[in-house]
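Presented below is the structure to which this report refers.
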Amino acid sequence: MQLDPSTGWFQGIPHCPSPNFNARPGGEISLLVMHNISLPPGQFGTGKVQAFFQNRLPVHEHPFFAEIASLQVSAHFFIERDGGLTQFVSCLDRAWHAGVSWFEGRDNCNDFSLGVELEGTDDLPYTDAQYARLVELTRQLLDAYPALSTQRIRGHSDIAPGRKTDPGAAFDWSRLHAELKER
């Protein structure tokens, strides 16, 4: 996989374009936000995250789907349990992943961040394949966007405290930082 900086899309991975994005004001990319998601909650490999980010969630298949059907959200990337990586929004555009958020005195983190969704829950350990893919992705993003740094990688819970809990206690921040240092 290789990032094309002129388009903001990675080559060599599946693209599943979401309609839930808009122009990034100012073009700044200086924050990487980690999330988790599973649809239905706690179930993996269903393909429903992709449908959700494309506003195609089959609302009659599960009661939770009806609760979230009106939401229009996306992320730049989704890493599945087996390490599969899908891109939904160009890095150059503003994905709708952070919601009401704040970081270092600035609100609207979507304006200057990239969002990575990991297939998982707050309390279930993420897989080795997910960490390997996340490290590979993060290294390329750090190389491509100089305003990003390992100190500017945060969880959704960090930028929306009290409102969000992901990626949760199961996410191994020490492991991510150690593997990023092994360049």
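The values are calculated or read from the model by the stated rules, or taken from the named source; none is laboratory data. No experiment lies behind these values; they were computed from the predicted model shown. Here the Cβ is made from the backbone with ideal geometry for all residues, glycine too, and neighbour counts use every protein chain on show. Areas reflect the complete protein model, heavy atoms only, side chains present, ligands, DNA and RNA absent. Shrake-Rupley method; radii C 1.70, N 1.55, O 1.52, S 1.80 Å.
Carbon and sulfur: what percent of the chain's accessible surface (1.4 Å probe)?
On the way: 4320 of 8300 Å².
Answer for the chain: carbon and sulfur cover 52 percent of the accessible area.
According to the square roots a ≥ b ≥ c of the eigenvalues of the Cα gyration tensor, what is the shape class of segment 100-147, taking rounded for a/c under 1.5, prolate for a/b larger than b/c otherwise, and oblate for the remainder?
oblate
If you take every DSSP beta bridge fully contained in the chain, what fraction is antiparallel? Give it as a percent rounded to 5. Walk me through the intermediate numbers first.
Working: 11 of 25 bridges.
DSSP beta bridges in the chain are roughly 45 percent antiparallel.
Mind telling me which of I13, I37, I153 comes out most flexible in a GNM of the chain, alpha-carbon contacts under 10 Å?
Of I13, I37, I153, the most mobile in the Gaussian network model is I13.
Taking the radius of gyration and the Kirkwood hydrodynamic radius from Cα positions alone, what is the Rg/Rh ratio for segment 2-181, to two decimal places?
0.93
Once ligands and nucleic acids are excluded and a 1.4 Å probe is used, how much of D122 is accessible, expressed in Å² to the nearest 10?
The accessible area of D122 comes to roughly 50 Å².
At q = 0.16 Å⁻¹, what log₁₀ I(q)/I(0) does a Debye calculation on the Cα points of segment 47-120 give, no solvent, two decimals?
After summing over all Cα pairs, the log10 values are -0.63.
Extension gain E104-S70, at 0.36 nm per residue separation less the Cα-Cα distance, in nm?
On the way: separation 34, 0.36 × 34 = 12.24 nm, distance 3.05 nm.
Contour length minus the Cα-Cα distance gives 9.2 nm.
DSSP loop (so not H, G, I, E, B), at most 12 other Cβ within 10 Å: list which trypsin sites (Lys or Arg not before Pro) in segment 54-122 pass both filters. Let's see the in-between values first.
Working: sites: R56, R81, R94, R106; in loops: R56, R81.
Hits after loop and neighbour filter: R56.
Could you provide, to the nearest whole Å², the per residue accessible area of segment 2-181 with probe 1.4 Å?
Using a 1.4 Å probe on heavy atoms only, each residue of segment 2-181 averages 44 Å².
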